[in-house]
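Structure record follows, encoded as structure tokens.
The values are calculated or read from the model by the stated rules, or taken from the named source; none is laboratory data. Given the structure is predicted, the values throughout are model-derived calculations rather than measurements. All Cβ positions, glycine included, derive from the backbone under ideal geometry; neighbour counts span all protein chains shown. The accessibility values were calculated without ligands, DNA or RNA, using every heavy atom of the protein model including side chains. Shrake-Rupley method; radii C 1.70, N 1.55, O 1.52, S 1.80 Å.
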Amino acid sequence: MAISMGGGETPMSDINTTPLVDVMLVLLIIFLIAVPVAIQTIEELEIPVFRSEESKDKVENLLLTISTTDAAGNTARTTRTGFTGATRTGECRVYFNNITAVTSEELFDQAFNRLDAIVQAAGGPEAIMEDPERIPQVHIRADKNAPWRCVAGAIYNVQAAGYPTVGFISNPVDPNG
């Protein structure tokens, strides 16, 4: 910082920007030379593509999605059906592993068969009880307008099938509105 005493009585202070400009020009020249060299040395990446398979060492939890039909009887699907949203008086819809729509009987049967296969793969009930981490859980994601009778029915069926732990998945609420 240079201080000069001009014709006035107060000292004049100015920042000397010449070194700053010199450093910036040198960096600009370095980057103009370095970037093309770096780009030429990077070869195209080949990202591997593989199929997702169920883990053999970690038990996958059972995911259930619960909704109902709308007032017109339409269901929520990926294709356009005119679905206007779940209603309290609608017919219950339970989706096994978030994909397959099942009835109450099918939910019990599929949940039981899935849990039985997991227990048998672990070496029987005694072997799976030694390591509680290997016991799968049920995670339920329910529409906020789905009546409790639909959710309670799904909970009853999976607990009757033998699943000891049932939890709920929800979307977090933004505290800012």
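Scoring GLU43 on the criteria (1) at pLDDT 65 or above; (2) out of contact with any strand residue (DSSP E or B) (no Cβ under 7 Å at 6 or more places or on another chain); (3) of a type in the set (Asp, Glu) leaves a single failure, condition (1). A count restricted to segment 96-146 and to residues that are open to solvent by 70 Å² or more (accessible area, probe 1.4 Å) and either farther than 30 Å from THR68 by Cβ or touching a Gly at 6+ places or on another chain (Cβ under 7 Å) (or both) stands at 11. May I ask you to list the residues in segment 116-135 that are of a type in the set (A, V, I, L, M), without any contact (Cβ under 8 Å) to a residue 60 or more places away in the chain and closer than 19 Å to ALA160 by Cα? Within segment 116-135, ALA117, ILE118, VAL119, ILE128, MET129 meet the criteria. Taking the numbered list (1) open to solvent by less than 90 Å² (accessible area, probe 1.4 Å); (2) more than 18 Å from ASN97 (Cα to Cα) in turn, ARG149 passes all entries but (1).
A quick yes/no check of all residues on (1) basic (Lys, Arg); (2) closer than 22 Å to CYS150 by Cβ:
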| residue | (1), (2) |
| --- | --- |
| CYS92 | no, yes |
| VAL102 | no, yes |
| GLU105 | no, yes |
| ARG114 | yes, yes |
| GLN120 | no, no |
| GLU126 | no, no |
| ASP131 | no, no |
| ARG134 | yes, no |
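In this structure, does ALA154 turn out to be hydrophobic (A, V, I, L, M, F, W, C) and under 24 Å from ASN98 (Cβ atoms)? Yes.
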